[in-house]
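Participant: Pasting a structure here, questions to come.
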Amino acid sequence: MTLGRRRSLWALALGLALAAALLLWPLAWARRPVTVRVLMPAPFADATAAMVADFNRSPRGVRIEVTRGPFETEAVSDLAISSLLLGDSPYDLLLMDVTWTAKYAAAGWLQPLDPWLGPEALAPLVPGARAGNRIDGQLWRLPLLADVGLLYWRTDLMEAPPRTPDELVTRSRQLQGQGRVPWGYLWQGRQYEGLSCVFLEVVHGFGGGWSTDEGEGMGLARPAAAAAAGWLRLLVSEGITPEAVANYAEPQSLQSFRRGEAAFLRSWPYAWQELQGEGSAVAGKVGITTMVAEPGLPHAATLGSWGFSLLAGSAHPEEAITVLRTLTGADSQRQLVRDWGYTPTLAALFEDPDLVKLRPQLPLLRQALNAAVVRPLSPGYAQLSDILQRELSAVITGGESAGPAMEEAARASRQLLQASGREAAA
Ligand code: GLC
């Protein structure tokens, strides 16, 4: 073969290869998996890591990429909002606290889920887990797990848990007096969202609430609010709760109780698993129940819960919904209960014999969910909670007395709601 002929054959082959590459490139591009980006608080990014890895191994043409956010609810929301305010959110799905829904929906940051999931999406959930997902008739969020405030008590120190605020105080004093525990009751007293959750259960226990509806009577302006804040202060001033509680979020109170330093702890269901683990001084010595209440009043439990929402700006809503369905599905919830001690939302799982055998507290969690009380479902919730936390913190540390502090919280909340009403009307 002459050199010229060989060259033209090479050129032909090269040309054919180029043409094939150009033709096949869009096909190959189209087959690249779509990436669904999800922002989650750190604990849930960890708890779902194995499920996400499983999902990514399966040949669905969809990949999940999780951004591990901070630990606390306010910090995660700040992170999400700062990206949403820039316009182009880098996420398709957000794992949202129950208190964020109203704000995010009102801001137009979310897509309603009804067109994707149908009108019955919440029907398989236990009633307590349904709250806080549907606002103004539209579904904005589907919960991954339920959460509910609980009173943990030491089964080695007493036969049955206290049921009233007075009983809790008396029992604590006795046990402290006998030198059996340094502290009676541990809770979350830091100025952050956890403090609003602590307060909500207690205020219900005193016959009040945290309604922001003037028609029903602004909850914080009612005597029960001052009674609840006053009781929290009493716990500290009487030495039943350490003064350091003013710096306690969940981990600090949990670790102290785990070391055997108190008779009672207020926490969420996941604490159970940590209290049973290796190195816990109270493993096998802990019971759970709902928060104390004045005689004859119902025992309330603050509703927590984390759920997925679809961002309005998602470029891949269909794939994002596949991810949302998989992660909130029965298999995924079962894993979260089994491996991490989280609380499911699907009613069927509370009756699953294998799960109940492994987690005998499930029926009690279901009962607590039936007693669940929700924080105000308002777009201004974060500010309302800030106001309450600020005043409660002043009461707990002895800087202000309960009555005037709650009056001030009611006044500031009213002002905030009126201003946002004017804004909405303008
Ligand atoms: C838990 C609850 C959440 C609450 C938070 C407060 O994560 O599920 O609803 O806002 O605690 O710290």
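Participant: Could you tell me which residue of segment 70-106 is most open to solvent (accessible area, probe 1.4 Å), considering only residues that are of a type in the set (D, E, K, R) and either more than 24 Å from V374 (Cβ to Cβ) or within 11 Å of the ligand (Cβ to nearest atom) (or both)?
Facilitator: Among those that are of a type in the set (D, E, K, R) and either more than 24 Å from V374 (Cβ to Cβ) or within 11 Å of the ligand (Cβ to nearest atom) (or both), it is D88.
Participant: Go through (1) free of Cβ contacts under 8 Å to residues at least 24 places away in the same chain; (2) open to solvent by 40 Å² or more (accessible area, probe 1.4 Å) and name the single condition S58 misses.
Facilitator: That leaves (2) as the condition not met.
Participant: Looking only at segment 125-142, how many residues end up being outside any strand (DSSP E or B) and open to solvent by 70 Å² or more (accessible area, probe 1.4 Å)? Full working, then the answer.
Facilitator: From segment 125-142, those outside any strand (DSSP E or B) are 126-133, 136-137, 140-141; that's our starting set.
Of the ones still in play, those that are also open to solvent by 70 Å² or more (accessible area, probe 1.4 Å) are 127, 130, 136.
Residues flagged as outside any strand (DSSP E or B) and open to solvent by 70 Å² or more (accessible area, probe 1.4 Å) within segment 125-142 amount to 3.
Participant: Could you say which residue among R180, R190 is in contact (Cβ under 8 Å) with a residue 12 or more places away in the chain, within 16 Å of the ligand (Cβ to nearest atom) and part of a loop (DSSP other than H, G, I, E, B)?
Facilitator: Values: R180 fails: within 16 Å of the ligand (Cβ to nearest atom).
Exactly one residue qualifies, and that residue is R190.
Participant: Right, next: Scanning for something in the same structural domain as D386 (by TED's automatic domain parsing), open to solvent by less than 20 Å² (accessible area, probe 1.4 Å), within 16 Å of the ligand (Cβ to nearest atom) and touching a residue at least 60 places away in the same chain (Cβ under 8 Å), does segment 225-240 turn up at least one residue?
Facilitator: No - not one qualifying residue is present in segment 225-240.
Residues checked against (1) assigned by TED's automatic domain parsing to the domain that holds G219; (2) buried (at least 20 other Cβ atoms within 10 Å of the Cβ); (3) over 16 Å from A226 (Cβ atoms); (4) free of Cβ contacts under 8 Å to residues at least 12 places away in the same chain:
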{"site": "I387", "(1), (2), (3), (4)": "yes, yes, no, no"}
{"site": "L392", "(1), (2), (3), (4)": "yes, yes, no, no"}
{"site": "T397", "(1), (2), (3), (4)": "yes, no, yes, no"}
{"site": "E400", "(1), (2), (3), (4)": "yes, no, no, yes"}
{"site": "P404", "(1), (2), (3), (4)": "yes, no, no, yes"}
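Participant: Being crowded, with 24+ Cβ neighbours inside 10 Å and either free of Cβ contacts under 8 Å to residues at least 40 places away in the same chain or within 16 Å of the ligand (Cβ to nearest atom) (or both) is the filter here, so list the residues in segment 205-218 that pass it.
Facilitator: Correct list: W210 only.
Participant: Considering Q138, Q174, which residue is out of contact with any Pro (no Cβ under 9 Å at 6 or more places or on another chain) and of a type outside the set (D, E, K, R)?
Facilitator: None of the other options fit; the residue is Q174.
The values are calculated or read from the model by the stated rules, or taken from the named source; none is laboratory data. Because the structure is predicted, anything quoted here is derived from the model rather than measured. Every residue, glycine among them, receives a Cβ derived from its backbone with ideal geometry; neighbour counts consider all protein chains shown. Calculation scope for accessible area: heavy atoms of the full protein, side chains included, ligands and nucleic acids excluded. Shrake-Rupley method; radii C 1.70, N 1.55, O 1.52, S 1.80 Å.
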